[in-house]
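Data first, discussion second: the structure below is written as structure tokens.
Only the coordinates and a few stated rules stand behind these numbers; no lab work does. Treat the numbers as computed from the prediction; the structure is a model and nothing was measured. Note that each Cβ is placed from the backbone with ideal geometry, even for glycine, and that neighbours are counted across all protein chains shown.
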Ligand code: GH3
Ligand code: MG
Ligand code: MG
Ligand code: MG
């Protein structure tokens with residue numbers, strides 16, 4: 001039994017230690033029109049580790065509260081012109097005061113008055129004359145809530161930060177899933193989704209929409225003669241030139257191996273041919289530097305443009321592909337509608 005008792009005592013002592021170390025001193029605002037009480041309580045609360053700011057009336061307290069942002073308010077009830085209940089009512093309607101822990105000091109009031117004070121927003125009260133032990137016990141009770149509230153606040157901030165990080169990561173992932181790694185252009189997945197969106201927009205605003213299908217000429221021979229890495233470099237170069245030759249509103253994508261698709265918004269077929277020609281010409285003119293190639297890098301372009309709601313979103317791609325095939329079976333390095 002004595003051994004058991006000793007063990008219990010140790011457990012209790014260690015619990016008390018944690019409890020104390022978990023609850024550091026509070027920032028307390030003390031409001032009372034009695035300067036002697038104010039001085040005594042202030043000294044006593046400071047002695048047990050709290051930081052205390054004193055005010056002799058509620059108006060000053062309100063002003064100070066904004067600056068001090070205390071954890072806990074201990075206020076007298078009867079003060080002039082504003083009393084503690086009125087102070088509490090105002091606090092509870094303000095952002096900084098709505099979560100403040102409020103203990104009211106009161107000479108024994110009637111039941112009705114106490115209910116009124118609680119309804120005004122006090123959390124607790126201590127009967128005057130103030131017993132320090134009781135006041136400290138009530139502060140400790142308040143401290144538990146203050147601590148909990150701080151933890152909640154911190155958790156809320158953590159969650160907000162985490163969710164912000166998550167949405168950044170998410171956006172990055174979406175970008176990655178839509179981007180071709182070699183050229184940095186939007187990929188086929190993006191191209192098809194975007195084409196559908198642009199088709200819907202074009203229909204809604206009765207605007208034309210064109211699609212250009214581009215395929216590098218004799219690309220396989222670059223790979224075969226100079227190797228796949230050179231092929232990659234030529235692809236990246238071609239992508240850069242074509243993107244630069246297009247307009248800001250044209251959506252230039254890598255559609256497949258050495259195939260590119262351009263969605264030209266608000267563009268009729270005839271205009272898209274001019275765009276295709278500009279891209280074709282740019283590539284022909286800007287050959288990749290430092291490479292000895294058997295023939296210049298060129299591109300064949302098939303174009304399809306909408307008229308009203310014809311031929312449809314998917315059909316635009318098919319028609320552009322068919323036009324491209326025509327170029328491939330004739331001259332190459334040309335544009336065909
Ligand atoms: P054509 O003028 O008829 O288009 O001839 P081509 O040689 O360009 O056509 P083909 O479709 O026969 O060859 C395309 C080649 O592109 C085949 C493939 O090895 C190569 N290719 C596709 N993707 C890549 C890539 O990411 N990097 C490299 N280096 N080559 C690629
Ligand atoms: Mg008073
Ligand atoms: Mg090709
Ligand atoms: Mg091809």
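Which numbered condition trips up residue 183, out of (1) assigned to a helix (DSSP H, G or I); (2) surrounded by 13 or more Cβ atoms within 10 Å (Cβ to Cβ)?
With (1) assigned to a helix (DSSP H, G or I); (2) surrounded by 13 or more Cβ atoms within 10 Å (Cβ to Cβ) applied to residue 183, the lone miss is (1).
Please specify each residue of the range 283-337 satisfying the condition of being in a helix (DSSP H, G or I), more than 42 Å from the chain's Cα centre (by Cα) and crowded, with 18+ Cβ neighbours inside 10 Å. It would help to see each step written out before you state the result.
First pass over the range 283-337, keeping only residues in a helix (DSSP H, G or I): 283-285, 313-328.
Add one more test, that the residue is more than 42 Å from the chain's Cα centre (by Cα), and what stays is 284-285, 319, 322-328.
Hits for the range 283-337 are 319, 323, 324, 327.
Can you name the residue in the range 259-282 that is surrounded by fewer than 20 Cβ atoms within 10 Å (Cβ to Cβ) and assigned to a loop (DSSP other than H, G, I, E, B) and, of all such residues, is farthest from the chain's Cα centre (by Cα)?
268
Would you pick out the residues in the range 50-96 that are closer than 13 Å to residue 121 by Cα and surrounded by fewer than 20 Cβ atoms within 10 Å (Cβ to Cβ)?
86, 89, 90, 92, 93, 94
When the range 211-248 is examined, which residues are found to be farther than 28 Å from residue 312 by Cβ, within 38 Å of the chain's Cα centre (by Cα) and away from ligand 4 (no atom under 16 Å from the Cβ)?
Of everything in the range 211-248, those that are farther than 28 Å from residue 312 by Cβ, within 38 Å of the chain's Cα centre (by Cα) and away from ligand 4 (no atom under 16 Å from the Cβ) turn out to be 233, 236, 237, 240, 241, 244.
Which count do you get for residues in the range 61-80 that are outside any strand (DSSP E or B) and within 14 Å of ligand 2 (Cβ to nearest atom)?
Quick first cut of the range 61-80, residues outside any strand (DSSP E or B) only: 61-71, 77-80.
After this cut, where a residue has to be within 14 Å of ligand 2 (Cβ to nearest atom) as well, the list is 61, 77-80.
Looking only at that region, the number is 5.
Can you tell me which of (1) more than 16 Å from ligand 1 (Cβ to nearest atom); (2) part of a helix (DSSP H, G or I); (3) within 30 Å of residue 309 (Cα to Cα) is the one residue 163 doesn't meet?
With (1) more than 16 Å from ligand 1 (Cβ to nearest atom); (2) part of a helix (DSSP H, G or I); (3) within 30 Å of residue 309 (Cα to Cα) applied to residue 163, the lone miss is (3).
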